[in-house]
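Trainee: Quick one: this structure, given as structure tokens, is what I'll be asking you about.
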Amino acid sequence: MSIDFLMLLKQEMMLIVIIFILMFLKLGKDRSNESYMTIVNALLLANVVIGFFGNEEGVLFAEMFRTNKLMVLEKNILNLGMLIISMQSFVWLKTHKHVPEFYILLLSTMLGMFFMISAGNLLMFYLGLELSTIPLAAAANFDLAKRRSSEAAMKLIFSSAFSSSLLLFGISLIYGTTGTLIFSQIPLHLGNNPLQIFAFILLLAGLAFKISVAPFHLWTADVYEGAPVAVTSFLSVVSKGAVLFVFVSVLYTVFKPLAGAWYNMLFILSLLTIIIGNLFAIRQDNFKRFLAFSSIAQVGFILVGISGSSTFGSASVVYFVLIYVFSNLAAFGVISLVSSITGNESISNYRGFYKTNPVLSWILTLALFSLAGVPPTAGFFGKFFLLFAGAGKGNYWFITIAALNMIISFYYYLRIVKAIFMDENDHPIPRVLIPLMPRLALYTCIAGVLAVGFISYIYDYIHSLSRGM
Amino acid sequence: MAKLAYLVPLFPLIGFLINGLGRKTLSKSLIGLLGCGVILASFVVSVGIFLQVKQDGFQPQIVHLFDFIKVQSFNIPFSFQVDQLSSLFLLIITGVGFLIHLYSTSYMHNEETQHYGRYFAYLNLFVFSMLLLVLGANYVIMFIGWEGVGLCSYLLIGYWFKNNNYNYAARKAFVMNRIGDVGFLLAVFWILAKLGTVSYGDVFAKASTFSTFDVTAITMLLFVGAMGKSAQIPLYTWLPDAMAGPTPVSALIHAATMVTAGIYMIVRSNVLYTMAPTTQAVVAIVGLATAFLAATIALKQNDIKKVLAYSTVSQLGYMFLGLGVGAYTGAVFHVMTHAFFKALLFLGAGSVIHAMGNEQDIRVMGGLKKYMPITHITFLLACLAISGIPPFSGFFSKDEILAAAYEHNKVLWLIGAITAGLTAFYMFRLYVMTFLGGFRGTHDQEHHLHESPSAMTIPLIVLAILSVIGGFVGIPEAFAHNAHALEHFLSPVIVKSADAAHGLDTSTEYMLMAISVALAVIAIIYAWTRFSKKPEIAEAEGAGKLLANRWYVDELYDKIIANPLIALGGFLKNVVEKSGIDGLVNGVGRGVNYAGRQIRLMQSGQVGNYILLMVLSMVLMIILVFYGNNLNPVLKYFSK
Amino acid sequence: MSTTEILFWFLSALALVSATMVLISKNPVHSILWLIIVFFAISGHYILLNAQFLAIVNLIVYAGAIMVLFLFVVMLMNLNSDSEPQKNNRFKIAGAISGGCLMLIMIDVIRDAGEVQNAKALVKEGNIGLIKNLGMVLFKDYVIPFEISSVLFLAAMVGAVVIGKRN
């Protein structure tokens, strides 16, 4: 075990260390929830910071685990998302009975995601995927008093079990036809064999479920609505982001020989996703459900970017996920704060929000603008690069329809902004005092939304890392 | 020193920002100090640049600031070109500009502090834009300045924004400018399309690759831009209306600088114009027609500023005449001398208006010379200069243009000379009715009459001195051999046309000079005698009425252009907008809403249904991939 | 037809019929019993493929532990056919059709897959399924998945305890 070994596994090691610290803390003397949260947040912050240093590339354990600079960056983005979510759920967790368990579950999920991203072997990939789903289903039940929470967890488990089985079937068929499970060797054996294409479709279906691509998105709204806000934001941002990263890298490296087959599928899936996401989002009144559908539409956009060429596709997806982390978490942060303090979750209750909570209104507005894609927020640049990557294949009708759908999305995002600023309300949501940690988290998100748009170095850096794809 | 060229526009920009942002907090004296100080600083730098440029063997320098537009191989840098032409214009703009700023500190003294600050901010912004215009190293930077001066002209004409008529005047100026700008832009696009570059150096070097049609079109379009900015027929009616602004504004913008932008632009593009004799003919004819028309209108105007406005239009016509016959140096010379005496005339008029308590009608003035000696003397000197009496500056510049016109076409010269006579006549009509004879105003006004404070009279004096001696930089061949310093100075920038004879023999030149001076003197004497005896107070009639109503040109424009456009706008608003566009947009919205409602039924809440739908879609996907793809072996299997 | 082939066809038919009966049975306890038979059939297949360890573990874990748990839950909650909500007929037909389509496609695809048809199960080689070999592979090549699965169990346990614990 050399130092290289530790450096390569650095981020996974950090997570395991944190899980263990939590377990030991729980076994020790009784602590207040606040102290747990402070400790965990400090550890998570250290995790994010360490993630920026000493990045190396390499392969371990007979290609079970491989890493390169892009993967380290992706994992760090997820770490950042986790940290922000953790800070934002401060209010909700303060009165919860099972704080360390919550963190252990989420951190195990993250561990699974990391191994999934770094997988070099289909088996490892599958295991990582499972590890990233099951604890999350348990976490979805964490509003123990509410029936909706249990319902959400049930739906999540059923749907993910089913899609996992599809995925596993696909994996086994691929093993059967190529004779190997190792990522670097599979493309050598892939041809235009129909059985392999069939296996690929099954794999695609399994992954599509996790990223809520239509028509595999039906579980999203119910689960997002029922689960506690922290878990919803985790699902919506971190989980989706991780699977997107894997999707991108698997698609471009392992399934490159099948490129002709998946372009058409991606094209249709993405259009379907954008349109369905938009149509549903227009009619929503529950904020969490609304954000669920809007995130479905966003994923549709990401598929537009993926369908283009590999370097641009990969770079634009990573860039967009980073921006999506910030903007979505900002929106979720505001909602979680309002929901835990006042219990209000419906959009019509947000009318006149500006009169009582100007700061939160502005944060929410900026987040919605970034999600909609209004320049100069980062969301605009993210969408721009996605469309730019997607246009690489020359299918301009596709890009035009996607762009036109952006207009529809503008409608439902700006409807909320209008409600906040311009509508009258006799009983507006009362003034919410924002404690320190959520405040820090919200400011970080807003800073991210603004800065990532302006600092072009970030995109250039990501692009340079994806060159190898 | 040329490397510091960026300082010249930078100072006024700083002045604009500080005065603009701080107009509610700074004191009036501080605003005035800052506003004038930055222009003075620019002037100092301009002098330094000029001294460097004046040395023999100076090559034009490009000072690159930053990349403005850079898309692959298409590059438009934000750079300044320091050469003889731009350094000369820098001096004129900053020098005359400084004097006018100084004058304004006293003229605008009665304004509220925040409006005072606003005035100086706009004035500084104007100088900044004008400097960008002349310093730019390519047509795009020139256009930025071009637009900027148009904007500032609008802002300053409508300075007293509470009066709606002034606002209409400002709007008219802006709109007419914009019409010209379309021509300018088309020309720039044409150049870009043909050559792929807009930098002066590159364009002029590659100019020989233009076809005649190209270069004629480009130069015509550029001239359309100049027509708008420099008030030539048919886009000149905004300038007299622009007199609604404060008098120093009229002096700076509508006499000395902005209106000369068109001339600058044509002189800068002289390489292109020499290649397009058709355009040059058009320029000359339009210029001459404008000069003549404006002079005739000025004969019957009774507002002191309107007379000067039409005089400006007329003199600009002269400059274009000069450009049209290839006398680029002459046109630049006239720009310079015109800046001096026209600014002086306007500032003097401002002094008179100030003394008369904001009265502008010359029919109620008279005999002001004993109350305002300095204003009187300087005004007289300016009138002599503009009439072309030697040895004042106007004589040299005007004569150079007329001599070049004579070489070209005797008819041009003839009409030009007649116009010169008319100029002398109406200027002295103005002078006599204002300063000589007895006072025709009210008793109150008479008590109020006084000489202006020194902040106003010092610029008058300086400009008067310049109007007197300014001509000596351009002494023609007839008087002294090789003494035309200005021509010598500008020769690297101006290409000599192949057939420029430049050899009127001395006797012809003397004769021409004699004729024009004689015409001027006769006109002066006639005006002096006629108007000092019987000032023209009655309403005009007959032919005079036509002139007094400015040939009804404004009314004509209203009828044939403005009214149809307004009708079209109304139609578009009521029919196309309401039924067509709104209907389409709202229809799309309704459609999407409907689709949303229908599709919602898919989300039933039962997991089993979800999974069923997932499987169904997967099956569909498989069918799509296998049976929708021609290269598929399974399909081949079925067709076996 | 050799013994292995007869056994293969018999076990496959048994598995398919039992699986269909799991879906069709009205009584949940019957469904579970049919499912146990499916597991036995699959274990039989494993033995045919020379994976003895896998066969035994399949029986012990699935048929033994998991199905017993299912039976407990069903009996404790007294789930009977009358308390089950009736599904819409439309969905049943749709499900049957999509399942049928999938089966047809799969047959189609496999028929055309050359290498799968030619590969034979390594029935003759005895070493593959031995526990010793399995252990070596598990701890040498596949050690990371092995360890990660332990984390998975831990997380699942934590989750289950949190959800199930009575206050």
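Trainee: Aromatic (Phe, Trp, Tyr) and open to solvent by less than 40 Å² (accessible area, probe 1.4 Å): which single residue out of B:Tyr122, B:Tyr107 fits that description? Explain how you work it out, then say what you get.
Mentor: Values: B:Tyr122 fails: open to solvent by less than 40 Å² (accessible area, probe 1.4 Å).
Result: B:Tyr107 is the single residue among B:Tyr122, B:Tyr107 that is aromatic (Phe, Trp, Tyr) and open to solvent by less than 40 Å² (accessible area, probe 1.4 Å).
Trainee: Would you confirm whether any residue within region B:36-47 is surrounded by fewer than 17 Cβ atoms within 10 Å (Cβ to Cβ), within 21 Å of B:Ala205 (Cβ to Cβ) and free of Cβ contacts under 8 Å to residues at least 24 places away in the same chain?
Mentor: Checking region B:36-47: not a single residue is surrounded by fewer than 17 Cβ atoms within 10 Å (Cβ to Cβ), within 21 Å of B:Ala205 (Cβ to Cβ) and free of Cβ contacts under 8 Å to residues at least 24 places away in the same chain.
Trainee: Could you tell me which residue of region A:47-68 is nearest to the other protein chains (Cβ to nearest Cβ), considering only residues that are surrounded by fewer than 16 Cβ atoms within 10 Å (Cβ to Cβ) and in contact with a helix residue (DSSP H, G or I) (Cβ under 8 Å, 6 or more places away or on another chain)? Spell out how you get there, then give the answer.
Mentor: The first filter runs over region A:47-68 and keeps only residues surrounded by fewer than 16 Cβ atoms within 10 Å (Cβ to Cβ), leaving A:49-50, A:52-54, A:56-59, A:62.
Subsequent filtering for residues that are in contact with a helix residue (DSSP H, G or I) (Cβ under 8 Å, 6 or more places away or on another chain) retains A:50, A:52, A:54, A:56-58.
Values: A:Ile50: 20, A:Phe52: 25, A:Gly54: 21, A:Glu56: 18, A:Glu57: 18, A:Gly58: 14 Å.
Out of the qualifying residues, it is A:Gly58.
Trainee: Determine whether C:Ala15 is within 30 Å of B:Leu620 (Cα to Cα), part of a helix (DSSP H, G or I) and under 14 Å from the mean Cα position of the chain (by Cα). I'd like the intermediate steps shown before the answer.
Mentor: Working: within 30 Å of B:Leu620 (Cα to Cα): yes; part of a helix (DSSP H, G or I): yes; under 14 Å from the mean Cα position of the chain (by Cα): yes.
Criteria met by C:Ala15.
Trainee: Looking for whichever is surrounded by 14 or more Cβ atoms within 10 Å (Cβ to Cβ), of a type outside the set (Asp, Glu) and modelled with pLDDT of 80 or more here; the options are B:Asn609, B:Asn574, B:Asn629. Which one fits?
Mentor: Values: B:Asn574 fails: surrounded by 14 or more Cβ atoms within 10 Å (Cβ to Cβ); B:Asn629 fails: modelled with pLDDT of 80 or more.
Just one listed residue meets the conditions, B:Asn609.
Trainee: Which is part of a helix (DSSP H, G or I), of a type in the set (Ser, Thr, Tyr) and either open to solvent by 80 Å² or more (accessible area, probe 1.4 Å) or on the phi > 0 side of the Ramachandran plot (or both), of C:Tyr62, C:Tyr46? Even if it seems obvious, please write down each step before you answer.
Mentor: Numbers: C:Tyr46 fails: either open to solvent by 80 Å² or more (accessible area, probe 1.4 Å) or on the phi > 0 side of the Ramachandran plot (or both).
Every option except C:Tyr62 fails the conditions.
Trainee: Something else now. Can we say A:Phe290 is modelled with pLDDT under 90, under 23 Å from A:Ala403 (Cα atoms) and open to solvent by less than 10 Å² (accessible area, probe 1.4 Å)? Working first, answer last.
Mentor: On the way: modelled with pLDDT under 90: yes; under 23 Å from A:Ala403 (Cα atoms): yes; open to solvent by less than 10 Å² (accessible area, probe 1.4 Å): yes.
Against the criterion (modelled with pLDDT under 90, under 23 Å from A:Ala403 (Cα atoms) and open to solvent by less than 10 Å² (accessible area, probe 1.4 Å)), A:Phe290 qualifies.
Trainee: What about C:Val143, is it surrounded by 12 or more Cβ atoms within 10 Å (Cβ to Cβ) and either at pLDDT 85 or above or assigned by TED's automatic domain parsing to the domain that holds C:Thr4 (or both)?
Mentor: Working: surrounded by 12 or more Cβ atoms within 10 Å (Cβ to Cβ): yes; either at pLDDT 85 or above or assigned by TED's automatic domain parsing to the domain that holds C:Thr4 (or both): yes.
For C:Val143, the condition - surrounded by 12 or more Cβ atoms within 10 Å (Cβ to Cβ) and either at pLDDT 85 or above or assigned by TED's automatic domain parsing to the domain that holds C:Thr4 (or both) - is met.
Trainee: A:Ala259 fails exactly one of the following numbered conditions: (1) touching a helix residue (DSSP H, G or I) at 6+ places or on another chain (Cβ under 8 Å); (2) open to solvent by 10 Å² or more (accessible area, probe 1.4 Å); (3) aliphatic (A, V, I, L, M). What is the number of that condition?
Mentor: Of (1) touching a helix residue (DSSP H, G or I) at 6+ places or on another chain (Cβ under 8 Å); (2) open to solvent by 10 Å² or more (accessible area, probe 1.4 Å); (3) aliphatic (A, V, I, L, M), only one is false for A:Ala259: (1).
Trainee: If you go through region A:174-205, how many residues are at the interface with another protein chain (Cβ under 10 Å from one of its Cβ atoms) and in a helix (DSSP H, G or I)?
Mentor: Count: 15.
Trainee: If you take the residues in region A:198-229 that are open to solvent by less than 10 Å² (accessible area, probe 1.4 Å) and under 14 Å from the mean Cα position of the chain (by Cα), which one is nearest to A:Leu123 (Cα to Cα)?
Mentor: If we take residues in region A:198-229 being open to solvent by less than 10 Å² (accessible area, probe 1.4 Å) and under 14 Å from the mean Cα position of the chain (by Cα), then A:Leu207 is nearest to A:Leu123 (Cα to Cα).
Trainee: Take A:Phe102 and decide whether it is more than 17 Å from the chain's Cα centre (by Cα), at pLDDT 85 or above, within 12 Å of another protein chain (Cβ to nearest Cβ) and buried (at least 24 other Cβ atoms within 10 Å of the Cβ).
Mentor: On the way: more than 17 Å from the chain's Cα centre (by Cα): yes; at pLDDT 85 or above: yes; within 12 Å of another protein chain (Cβ to nearest Cβ): yes; buried (at least 24 other Cβ atoms within 10 Å of the Cβ): yes.
Answer is yes for this residue.
Trainee: Does B:Gln59 satisfy the condition of being modelled with pLDDT of 85 or more and of a type outside the set (A, V, I, L, M)?
Mentor: Numbers: modelled with pLDDT of 85 or more: no; of a type outside the set (A, V, I, L, M): yes.
Against the criterion (modelled with pLDDT of 85 or more and of a type outside the set (A, V, I, L, M)), B:Gln59 does not qualify.
Trainee: I'm trying to understand the selection: among the residues of region A:416-435, which are free of Cβ contacts under 8 Å to residues at least 24 places away in the same chain and either in contact with a His (Cβ under 8 Å, 6 or more places away or on another chain) or in a helix (DSSP H, G or I) (or both)?
Mentor: A:Lys418, A:Met422
Trainee: From the list A:Ile429, A:Ile455, which residue is among the aliphatic types (A, V, I, L, M) and within 29 Å of A:Glu57 (Cα to Cα)? Spell out the reasoning first.
Mentor: Working: A:Ile429 fails: within 29 Å of A:Glu57 (Cα to Cα).
Of the residues listed, the single one that is among the aliphatic types (A, V, I, L, M) and within 29 Å of A:Glu57 (Cα to Cα) is A:Ile455.
Trainee: To continue, here is another question. Based on this model, can you work out whether A:Leu136 counts as farther than 22 Å from A:Ile157 by Cβ, in contact (Cβ under 8 Å) with a residue 12 or more places away in the chain and in a helix (DSSP H, G or I)? Give the steps one after another, and end with the answer.
Mentor: Values: farther than 22 Å from A:Ile157 by Cβ: no; in contact (Cβ under 8 Å) with a residue 12 or more places away in the chain: yes; in a helix (DSSP H, G or I): yes.
No, not satisfied.
One line per residue, one yes/no per condition, for (1) open to solvent by 50 Å² or more (accessible area, probe 1.4 Å); (2) in contact with a Cys (Cβ under 8 Å, 6 or more places away or on another chain); (3) modelled with pLDDT under 80; (4) within 9 Å of another protein chain (Cβ to nearest Cβ):
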{"site": "B:Ile581", "(1), (2), (3), (4)": "yes, no, no, no"}
{"site": "B:Arg590", "(1), (2), (3), (4)": "yes, no, no, no"}
{"site": "B:Gly605", "(1), (2), (3), (4)": "no, no, yes, yes"}
{"site": "B:Ile622", "(1), (2), (3), (4)": "no, no, no, yes"}
{"site": "B:Pro633", "(1), (2), (3), (4)": "no, no, yes, yes"}
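Trainee: In region A:206-236, which residue that is closer than 20 Å to B:Ser617 by Cα and part of a loop (DSSP other than H, G, I, E, B) is farthest from the other protein chains (Cβ to nearest Cβ)?
Mentor: Kept after step one, since they are closer than 20 Å to B:Ser617 by Cα, are these residues of region A:206-236: A:206-222.
If we keep only those that are part of a loop (DSSP other than H, G, I, E, B) as well, we get A:211-217.
On the way: A:Ile211: 14, A:Ser212: 12, A:Val213: 10, A:Ala214: 8, A:Pro215: 4, A:Phe216: 5, A:His217: 9 Å.
Within region A:206-236, the match that is farthest from the other protein chains (Cβ to nearest Cβ) is A:Ile211.
Trainee: Let me ask you something else. Is it the case, given these coordinates, that A:Ser466 is within 14 Å of chain B (Cβ to nearest Cβ), surrounded by 14 or more Cβ atoms within 10 Å (Cβ to Cβ), out of contact with any His (no Cβ under 7 Å at 6 or more places or on another chain) and among the small types (Gly, Ala, Ser)?
Mentor: Against the criterion (within 14 Å of chain B (Cβ to nearest Cβ), surrounded by 14 or more Cβ atoms within 10 Å (Cβ to Cβ), out of contact with any His (no Cβ under 7 Å at 6 or more places or on another chain) and among the small types (Gly, Ala, Ser)), A:Ser466 does not qualify.
Trainee: Next up: Since B:Ser73 meets every condition but one in (1) farther than 25 Å from B:Ala255 by Cβ; (2) at pLDDT 90 or above, which condition does it not meet?
Mentor: (2)
Trainee: Among what's in region A:130-153 and is farther than 13 Å from A:Thr232 by Cα and facing chain C (nearest Cβ under 7 Å), pick the residue that is surrounded by the fewest Cβ atoms within 10 Å (Cβ to Cβ).
Mentor: The extreme case among them is A:Glu130.
Trainee: Next question, about the same structure. Just for helices (runs of 4 or more DSSP H) wholly inside region B:344-455: which have at least 3 residues that are among the aliphatic types (A, V, I, L, M) and open to solvent by 50 Å² or more (accessible area, probe 1.4 Å)? I'd like the intermediate steps shown before the answer.
Mentor: Working: elements: B:373-387, B:393-408, B:410-435, B:443-448.
Here the list reads B:410-435.
Trainee: Another question, if that's okay. Of all residues in region C:132-150, count the ones that are without any contact (Cβ under 8 Å) to a residue 12 or more places away in the chain and either more than 9 Å from chain A (Cβ to nearest Cβ) or among the aromatic types (Phe, Trp, Tyr) (or both).
Mentor: Taking region C:132-150 as the starting set, the residues that turn out to be without any contact (Cβ under 8 Å) to a residue 12 or more places away in the chain are C:132-133, C:135-150.
Now restrict to residues that are either more than 9 Å from chain A (Cβ to nearest Cβ) or among the aromatic types (Phe, Trp, Tyr) (or both): C:132-133, C:135-139, C:142, C:146-147, C:150.
Selection size over region C:132-150: 11.
Trainee: Kindly indicate which of A:Asn41, A:Asn55 is at pLDDT below 90, in a helix (DSSP H, G or I) and more than 18 Å from the chain's Cα centre (by Cα). If you could, list the steps in order and put the result at the bottom.
Mentor: Numbers: A:Asn55 fails: in a helix (DSSP H, G or I).
Matching residue, one of A:Asn41, A:Asn55: A:Asn41.
Trainee: Any residue at all in region B:153-170 that's of a type in the set (Gly, Ala, Ser) and surrounded by fewer than 18 Cβ atoms within 10 Å (Cβ to Cβ)?
Mentor: Initial filter on region B:153-170 (of a type in the set (Gly, Ala, Ser)): B:153, B:158, B:169-170.
Add one more test, that the residue is surrounded by fewer than 18 Cβ atoms within 10 Å (Cβ to Cβ), and what stays is none.
No, there is no match, as no residue in region B:153-170 is of a type in the set (Gly, Ala, Ser) and surrounded by fewer than 18 Cβ atoms within 10 Å (Cβ to Cβ).
The values are calculated or read from the model by the stated rules, or taken from the named source; none is laboratory data. Every value quoted in this text rests on a predicted model; they were computed, and no experiment measured them. No Cβ is skipped: glycine too gets one built from the backbone with ideal geometry, and neighbour counts run over all protein chains shown. Remember, those area values only see protein heavy atoms, side chains included, never the ligands or the DNA or RNA. Shrake-Rupley method; radii C 1.70, N 1.55, O 1.52, S 1.80 Å.
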